[in-house]
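Peer 1: Dumping the structure here so I can ask a few things about it.
The values are calculated or read from the model by the stated rules, or taken from the named source; none is laboratory data. Keep in mind that this is a model prediction, so the values were computed, not measured. Because the Cβ atoms are built from the backbone with ideal geometry, glycine has one as well, and the counts that use them run over all protein chains shown.
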């Protein structure tokens, strides 16, 4: 019952946040020079075209009315029409989103599978040479732009070694993409490196925080060895803060996939967004922003729900 | 209070009747200096600024006129780091680009921290529904990835240094606002604040004498990390081709320009700006770590 | 203990132990040349104030010293040597031969694991039993430490238990493998006095039934008198005196032990015993025309709807000018809420709080500020009471800055004279809080509270965080200042003895209500309410003979009651 109330409350908060996001996106549309008319018609539109468009779309009406109409269209799944690709933005995004999710989830999974054990190992070997080396490496990796990493990887593995192709797999479906795993290696590695750098640091810090807790001393007083303490007690307790961090990290993950998709020419939302930014194709840009924001909200909601299962205190109280 | 806690809280303190002669500032300075990585970071930052802003006085190059006849030259005595695709001297370009990267990073980082501090402290100190609304706004801001918004805005207005500073500053304040709010919430219920409120001390006094001075250290530490993040963000935007417009450039833009040349083996076009970004970002992060240890604050 | 028992293998044998910590400012010695023994089945109390090194000795015996500690000397538990600080070879000994009960039951258990699993862990660590068997034993253990319904409770998480129950779980873990030595480091300090009595009863019954020796580390002489057979007194890392509890507590030899025992506030249990401390008993009660603080049916509620919680339920009392009202109660009784409502930090949901015959909340803020200037406040935590970024001068002068316009020199003079009256050396004026000890900080708080010469002082657990000797001096300064300035005092404390010493009238609080109030002499000596009696009998007195008698009467009374 308490769990249900908690989930309900968090879902409610998320709805409020999504609502605020739509206001921001709507505001951006109206910030455009020439307003939404130019944004939708394109930069080359003539003043006459704009005037006609305004009248037709009711853009002379008060902003509140316009916003409500915008919201109404959103609820029907209408995100506008790309004037470059001449297709509904919603269709474009529905085609690309799964591919971006595939890339993101794959690199997050690979990254975390390496980062978490690495962070624990560093905490276990704290202040020894191996910890220093790994800490320094992740420190540098954190400061390295994703595209620079990708660039170096491309030069090394495609130019010099020719192990992998320089371009990501192309294809219309997820199955097509997965059928060429070799071409996925470099994009996934590039995106995963950033995750490893960041999350091994978090995991190390979180593990060290937990190691200084009183319950660890109690466990030691039971005769539990340090390795067992890490495995039985500290790992799970550290995961609670890592899940929260993961929730915050989702926007960064999308930003990373934007760069990776651009770099490797991977047909996801990032590439769609980048091409739209070059044009510029505002309906696509704003549609992407909206969808990515909603995905982020859902992601951090999921992170909190996972928390409910890890931490009994959230489950019973709050 | 437990014995252990008292023993811990007395670290640096003194038992009854005894005097501790070490001053607060000396101790903090010592702590910072002992963190060698942070000191190295500070030196790197100073050198980077000197390179970008004083360097052109010594190593003078033409960064205005395109000279296609001298494009893509390898490093030589004339051009220490070679030339780029339109014949600009690469070392001179590094200096000009550095000015843009460092200025935007520094100003945007500070701006973001200031906005975040104001927003967070007002929300935390006021509390109640004002706090709830303000923090929901922060939540929605965090949900919109900054890089995407930045690209949309760059597509609307053609960016220069000033607009980049303003836009990044207005996007990156969310995280510091959360930190400052949390800090304000704790400070507001500290015993010394309650005591002051109880004897009739006003809000202004509480804020100016207790809340602000006690959040300064958090802010300084956060600003350092913000600067590092802002430098990276600028690099991303420029790399994606939406940064400051030619002939102005920054390190990210140089990398973007050098991208195609990388396949031709013109290493001098990508390694220097890449290394410069990594070095400076590392340096600011190291300073931040050092300051955090020095002030003993939490966060990040 | 006789020499024959010492001849058999000691449960704990410490020989010339030295421990030092490497800190930022250099190496700090914590224990110097300590030797002691605990025989099987014996209870030895290690007492001392903060910084005496008693906890360090306990951690050494567990091999749990932090990595920045250096140790010399010999420590052995039931014949097994404990020599490497934080060593791995100790894992076979810890939890089986020697085990430990910690001070903070709130944090001693892993918040994310069921308590049954946490108890089972210590069993499976040392015996090769199947999980089912370990779980069954966990149930038995929970039953043994007095937790009702153990089959159900092993599935609970720590946050679902009260502080006392958690400490019982920690004790269950400690006794699971019948260790030769049980170390209890301030096992009851974080608990309320009635819970403390229950835990001490439990420990006593567990210790008497087995051959397990107990090393009890505590600062509380009452606990020593209640539980221990022998006692060893530590001062600044050294052992200054040891012997049978009756000898040491009744006829202390060392000068420090005498001073320590004298500083312990004692609860008077009979009316005929003269009160040496409380001198102004009669004078103040009569001068009751001027009421400094009055609560009239004050209620305070937190939260709304289902989470609504009534922190105060229709509380009424009067505090006459120049008098002291003691407010006692356990945690959650609402005594601190009362203090906060008195200074206007909390808004009553019903009833009225009247300061100097006026309801502050009804006054315009300018007049209200004038009245607030007549309040002085001292709160519990010596660390959180002073802004770490302000010098002592600025801290003490803060009320002056908010209410008076004085020149810099006048202000400085005023602060200096106040510091003098709380017996702080003039030099502290330029220091920062972190350079002062806990007792000094509380005196700075007191100087700040009194600088406007208030007519009412609110002292919320003002000395609770201090060592007894420091507490004694701070309390005497408070008494002295009250005689000089004649302010009324709302003295909030959980310590009955201190309240008895400081106040003429007393109100006993429980769950947001005043259950009994009246002159201290009658309420705390001949209480009429059962709860007050319970509180009084739960607080152990530092006299082993008297304490044994009291315990017997409680036990007899308890069995009659059933």
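Peer 1: Away from chain A (no Cβ under 14 Å), within 26 Å of the chain's Cα centre (by Cα), in a helix (DSSP H, G or I) and closer than 29 Å to residue C:535 by Cβ: is that true of residue C:201 in this structure?
Peer 2: Details: away from chain A (no Cβ under 14 Å): yes; within 26 Å of the chain's Cα centre (by Cα): yes; in a helix (DSSP H, G or I): yes; closer than 29 Å to residue C:535 by Cβ: yes.
Here the answer is yes, as residue C:201 does meet what is asked.
Peer 1: Out of all the residues in region B:133-176, which are more than 15 Å from the chain's Cα centre (by Cα), assigned to a helix (DSSP H, G or I), more than 7 Å from chain A (Cβ to nearest Cβ) and farther than 16 Å from residue A:300 by Cβ?
Peer 2: B:133, B:134, B:150, B:153, B:154, B:161, B:162, B:163
Peer 1: Applying the selection to region C:57-72, what residues are buried (at least 17 other Cβ atoms within 10 Å of the Cβ) and either more than 7 Å from every other protein chain (Cβ to nearest Cβ) or over 28 Å from residue C:165 (Cβ atoms) (or both)?
Peer 2: We begin by selecting, within region C:57-72, every residue buried (at least 17 other Cβ atoms within 10 Å of the Cβ); these are C:57-65, C:69, C:71.
Matches in region C:57-72: C:57, C:58, C:59, C:60, C:61, C:63, C:65, C:69, C:71.
Peer 1: Out of the residues in region C:390-415 meeting the condition of being surrounded by fewer than 17 Cβ atoms within 10 Å (Cβ to Cβ) and touching a helix residue (DSSP H, G or I) at 6+ places or on another chain (Cβ under 8 Å), tell me which one is modelled with the lowest pLDDT.
Peer 2: Going through the qualifying residues, I end up with C:406.
Peer 1: Among the residues of region B:48-102, count how many are free of Cβ contacts under 8 Å to residues at least 12 places away in the same chain and not in a loop (DSSP other than H, G, I, E, B).
Peer 2: 4
Peer 1: Tally up the residues in region C:325-337 that are closer than 18 Å to residue C:455 by Cα and either out of contact with any helix residue (DSSP H, G or I) (no Cβ under 6 Å at 6 or more places or on another chain) or part of a loop (DSSP other than H, G, I, E, B) (or both), please. Lay out the reasoning, then the answer.
Peer 2: The first filter runs over region C:325-337 and keeps only residues closer than 18 Å to residue C:455 by Cα, leaving C:325-326.
Cutting the leftovers down to either out of contact with any helix residue (DSSP H, G or I) (no Cβ under 6 Å at 6 or more places or on another chain) or part of a loop (DSSP other than H, G, I, E, B) (or both) gives us C:325.
Total satisfying the criteria: 1.
Peer 1: Right, something else. Can you name every residue in region B:30-42 that is in a helix (DSSP H, G or I) and touching a residue at least 12 places away in the same chain (Cβ under 8 Å)? Walk me through how you get there before you give the answer.
Peer 2: Of region B:30-42, the ones in a helix (DSSP H, G or I) are B:30-34, B:36-42.
Passing the criteria: B:31, B:32, B:37, B:38, B:39, B:40, B:41, B:42.
Peer 1: Collect the residues in region A:233-259 that are farther than 16 Å from residue A:119 by Cα and either at the interface with chain C (Cβ under 10 Å from one of its Cβ atoms) or touching a residue at least 60 places away in the same chain (Cβ under 8 Å) (or both), keeping them in residue-number order. Full working, then the answer.
Peer 2: First, pick out the residues of region A:233-259 that are farther than 16 Å from residue A:119 by Cα: A:244, A:247-259.
Of everything in region A:233-259, those that are farther than 16 Å from residue A:119 by Cα and either at the interface with chain C (Cβ under 10 Å from one of its Cβ atoms) or touching a residue at least 60 places away in the same chain (Cβ under 8 Å) (or both) turn out to be A:244, A:253, A:254, A:256, A:257, A:259.
Peer 1: Does residue C:447 satisfy being in contact with a helix residue (DSSP H, G or I) (Cβ under 7 Å, 6 or more places away or on another chain) and assigned to a loop (DSSP other than H, G, I, E, B)? Give the steps one after another, and end with the answer.
Peer 2: Numbers: in contact with a helix residue (DSSP H, G or I) (Cβ under 7 Å, 6 or more places away or on another chain): yes; assigned to a loop (DSSP other than H, G, I, E, B): no.
Criteria not met by residue C:447.
Peer 1: If you don't mind, another one. Within region C:145-163, can one find any residue that is within 27 Å of the chain's Cα centre (by Cα), crowded, with 20+ Cβ neighbours inside 10 Å, over 21 Å from residue C:180 (Cα atoms) and more than 14 Å from every other protein chain (Cβ to nearest Cβ)?
Peer 2: yes
Peer 1: Can you tell me which residues in region A:263-318 are facing chain B (nearest Cβ under 9 Å), assigned to a helix (DSSP H, G or I) and surrounded by fewer than 18 Cβ atoms within 10 Å (Cβ to Cβ)?
Peer 2: Scanning region A:263-318 gives A:278, A:294.
Peer 1: Among the candidates C:120, C:106, C:138, which residue alone is more than 8 Å from chain A (Cβ to nearest Cβ), closer than 24 Å to residue A:239 by Cβ, in a helix (DSSP H, G or I) and touching a residue at least 24 places away in the same chain (Cβ under 8 Å)? Step through it out loud before you land on a result.
Peer 2: Details: C:120 fails: touching a residue at least 24 places away in the same chain (Cβ under 8 Å); C:138 fails: closer than 24 Å to residue A:239 by Cβ.
Checking each option against the conditions leaves just C:106.
Peer 1: Looking at region C:384-419 only, could you name the residues that are in a helix (DSSP H, G or I) and within 13 Å of chain B (Cβ to nearest Cβ)?
Peer 2: In the first step, residues of region C:384-419 are kept if they are in a helix (DSSP H, G or I); the result is C:392-403, C:408-419.
C:392, C:394, C:395, C:396, C:397, C:398, C:399, C:400, C:401, C:402, C:403, listed by residue number.
Peer 1: Mind listing just one residue for me: the one in region C:457-470 that is buried (at least 22 other Cβ atoms within 10 Å of the Cβ) and within 26 Å of residue C:320 (Cβ to Cβ) and, of those, nearest to the other protein chains (Cβ to nearest Cβ)?
Peer 2: Ranking the qualifying residues of region C:457-470, first place goes to C:458.
Peer 1: Something else now. Starting from residues that are facing chain A (nearest Cβ under 10 Å) and modelled with pLDDT of 80 or more, keep the ones in region B:252-269 and report whichever is nearest to residue B:100 (Cα to Cα).
Peer 2: Only one residue fits best here, namely B:252.
Peer 1: Name the residue that is surrounded by the most Cβ atoms within 10 Å (Cβ to Cβ), counting only residues in region A:143-162 that are more than 17 Å from residue B:233 (Cα to Cα) and facing chain B (nearest Cβ under 7 Å). Break it down stepwise before answering.
Peer 2: Looking only at region A:143-162, we keep the residues that are more than 17 Å from residue B:233 (Cα to Cα), and these are A:151-162.
Narrowing further to those that are facing chain B (nearest Cβ under 7 Å): A:151, A:155, A:159.
On the way: A:151: 21, A:155: 17, A:159: 12.
Out of the qualifying residues, it is A:151.
Peer 1: Could you say whether any residue in region C:65-88 is touching a residue at least 24 places away in the same chain (Cβ under 8 Å) and either assigned to a helix (DSSP H, G or I) or under 15 Å from residue C:231 (Cα atoms) (or both)?
Peer 2: no
Peer 1: Still on this structure, I have one more. Could you check region A:214-231 and list, in sequence order, the residues that are in contact (Cβ under 8 Å) with a residue 12 or more places away in the chain and either under 15 Å from residue C:65 (Cα atoms) or surrounded by fewer than 17 Cβ atoms within 10 Å (Cβ to Cβ) (or both)?
Peer 2: First pass over region A:214-231, keeping only residues in contact (Cβ under 8 Å) with a residue 12 or more places away in the chain: A:215-216, A:219, A:226-227, A:229-230.
Correct list: A:216, A:219, A:226, A:227.
Peer 1: What number of residues within region C:369-383 are under 11 Å from residue C:444 (Cβ atoms) and either at pLDDT 90 or above or within 7 Å of chain B (Cβ to nearest Cβ) (or both)? Steps first, answer last, please.
Peer 2: Filtering region C:369-383 down to residues under 11 Å from residue C:444 (Cβ atoms) leaves C:378, C:382.
Okay, now just the ones that are also either at pLDDT 90 or above or within 7 Å of chain B (Cβ to nearest Cβ) (or both), so C:378.
Residues flagged as under 11 Å from residue C:444 (Cβ atoms) and either at pLDDT 90 or above or within 7 Å of chain B (Cβ to nearest Cβ) (or both) within region C:369-383 amount to 1.
Peer 1: Here is a further query. From the residues in region A:173-188 that are without any contact (Cβ under 8 Å) to a residue 60 or more places away in the chain and either touching a helix residue (DSSP H, G or I) at 6+ places or on another chain (Cβ under 7 Å) or in a loop (DSSP other than H, G, I, E, B) (or both), which one is nearest to the other protein chains (Cβ to nearest Cβ)?
Peer 2: A:180
Peer 1: In this structure, does residue B:120 turn out to be surrounded by 23 or more Cβ atoms within 10 Å (Cβ to Cβ), more than 17 Å from the chain's Cα centre (by Cα) and under 18 Å from residue B:225 (Cα atoms)?
Peer 2: On the way: surrounded by 23 or more Cβ atoms within 10 Å (Cβ to Cβ): yes; more than 17 Å from the chain's Cα centre (by Cα): yes; under 18 Å from residue B:225 (Cα atoms): yes.
So residue B:120 passes the test.
Peer 1: Follow-up. Got a number for residues in region C:77-96 being crowded, with 19+ Cβ neighbours inside 10 Å and more than 9 Å from every other protein chain (Cβ to nearest Cβ)? First the steps, then the outcome.
Peer 2: Going residue by residue through region C:77-96, those that are crowded, with 19+ Cβ neighbours inside 10 Å are C:77, C:82, C:90-91, C:93-96.
This time we only want the ones that are more than 9 Å from every other protein chain (Cβ to nearest Cβ), so: C:77, C:82.
Residues that pass the stated criteria total 2.
Peer 1: Does at least one position in region C:31-45 carry a residue that is under 30 Å from the mean Cα position of the chain (by Cα), within 19 Å of residue C:217 (Cβ to Cβ), within 13 Å of another protein chain (Cβ to nearest Cβ) and outside any strand (DSSP E or B)?
Peer 2: The answer is no; no qualifying residue exists.
Peer 1: For region C:421-435, which residues satisfy the criterion of being modelled with pLDDT of 85 or more, facing another protein chain (nearest Cβ under 9 Å) and surrounded by 19 or more Cβ atoms within 10 Å (Cβ to Cβ)?
Peer 2: Selection gives C:428, C:431, C:432, C:433.
Peer 1: Within region A:184-196, work out how many residues are closer than 17 Å to residue A:142 by Cα and surrounded by 21 or more Cβ atoms within 10 Å (Cβ to Cβ). Before you say what the answer is, go through the steps one by one.
Peer 2: Narrowing region A:184-196 to residues closer than 17 Å to residue A:142 by Cα: A:188-196.
Among the residues that remain, those that are also surrounded by 21 or more Cβ atoms within 10 Å (Cβ to Cβ) are: A:188, A:190-196.
Total meeting the criteria: 8.
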